[in-house]
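Undergrad: For reference, the structure I am asking about is given below.
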Amino acid sequence: MTATNSPSETATAPELSALDRCDSCGAQAYVRVRLQSGELFFCGHHAGQVKPALEPTALEWLDETDRLTADESV
């Protein structure tokens, strides 16, 4: 089972903050993956690389990468 946020949910209440860092490179994380063994955090770039391998077994896939291009003036 996977879960994603719609753009409106992410825009009003992001779950990831600037303190969440990518486990691969240390950049700000915009994706959190919950697995049976724990959580992993990824930047948009690395999330795209690992998605094919992790998504089939992920308990939750929280993707807030839409925040990277969101117009915050609205």
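Undergrad: Please tell me if SER73 is at pLDDT below 95, loosely packed, with under 14 Cβ neighbours inside 10 Å and of a type in the set (Gly, Ala, Ser).
TA: Working: at pLDDT below 95: yes; loosely packed, with under 14 Cβ neighbours inside 10 Å: yes; of a type in the set (Gly, Ala, Ser): yes.
When the stated conditions are applied, SER73 passes them.
Undergrad: Please work out which one of (1) in contact with a helix residue (DSSP H, G or I) (Cβ under 7 Å, 6 or more places away or on another chain); (2) at pLDDT below 95 is the condition VAL31 fails and give its number.
TA: So the condition that VAL31 fails would be (2).
Undergrad: Continuing with this model, one more query. How about region 26-48: which of its residues are under 19 Å from ARG67 (Cα atoms) and surrounded by fewer than 16 Cβ atoms within 10 Å (Cβ to Cβ)?
TA: Residues satisfying the conditions are GLY26, ALA27, HIS45, GLY48.
Undergrad: Can I ask one more? Being surrounded by fewer than 16 Cβ atoms within 10 Å (Cβ to Cβ) and at pLDDT below 90 is true for just one of ALA53, ALA13. Which residue is that?
TA: Residue meeting the stated conditions: ALA13.
Undergrad: Oh, and also: Among the residues of region 18-49, count how many are of a type in the set (A, V, I, L, M) and touching a residue at least 24 places away in the same chain (Cβ under 8 Å). Quick ask: steps written out before the conclusion?
TA: Taking region 18-49 and keeping what is of a type in the set (A, V, I, L, M), we get 18-19, 27, 29, 31, 33, 35, 40, 47.
Of the ones still in play, those that are also touching a residue at least 24 places away in the same chain (Cβ under 8 Å) are 31, 33, 35.
Of the residues in region 18-49, 3 are of a type in the set (A, V, I, L, M) and touching a residue at least 24 places away in the same chain (Cβ under 8 Å).
Undergrad: Here's a follow-up. Just one of the numbered conditions (1) in contact with a strand residue (DSSP E or B) (Cβ under 6 Å, 6 or more places away or on another chain); (2) of a type outside the set (Lys, Arg); (3) farther than 18 Å from GLU15 by Cβ is not true of VAL50; which one?
TA: Unmet for VAL50, out of (1) in contact with a strand residue (DSSP E or B) (Cβ under 6 Å, 6 or more places away or on another chain); (2) of a type outside the set (Lys, Arg); (3) farther than 18 Å from GLU15 by Cβ: (1).
The values are calculated or read from the model by the stated rules, or taken from the named source; none is laboratory data. A quick note: this is a predicted structure, and the numbers were derived from the prediction, not measured. As a convention, Cβ positions derive from the backbone with ideal geometry for all residues, glycine included, and neighbour counts pool all protein chains shown.
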